[in-house]
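Note sheet for the following structure.
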Amino acid sequence: MRVRDLAPAMMLVGVCIFWLAVATLRPQAGQSQVGVVFPPSLTGTQVLARIADAGGRLVREGAWPFIAVVALDRPETLARLRDRGVLFTVNPLALGSCLTRPTAY
């Protein structure tokens, strides 16, 4: 058996893993909190200002200054965040520990 014979099966497995990751990381409908990722060039202060401007409420900061978990108190908050430069949103339950800043002991 040659590698060329296994290529279609390997590609199918890769596509399935990709779609599973996308489905797991997408925020679910009706979720009250969402992880947001802004452009990495923004500072923590700029991210907080954009969240407040969109009507969101900061739940916690992320591992980096451009990542945050935001409470969606109103239905239009997510659309306003997208208008203010959010690159993508993630399910904070799926990436909970990845979105938090490590603490020093």
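If you check residue 65 against the conditions, is it touching a Phe, Trp or Tyr at 6+ places or on another chain (Cβ under 6 Å), at pLDDT 85 or above and not acidic (Asp, Glu)?
No: the conditions fail for residue 65.
Identify all residues within the range 40-84 that are part of a loop (DSSP other than H, G, I, E, B) and either polar (S, T, N, Q) or in contact with a Pro (Cβ under 6 Å, 6 or more places away or on another chain) (or both); write none if there are none.
Correct list: 41, 43, 66.
Results for (1) crowded, with 16+ Cβ neighbours inside 10 Å; (2) modelled with pLDDT under 85, shown as yes or no for each residue.
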position	(1), (2)
71	no, no
77	yes, no
96	no, yes
99	yes, yes
105	no, yes
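The values are calculated or read from the model by the stated rules, or taken from the named source; none is laboratory data. Everything numeric in this text was worked out from a predicted model, so none of it was measured. Here the Cβ is made from the backbone with ideal geometry for all residues, glycine too, and neighbour counts use every protein chain on show.
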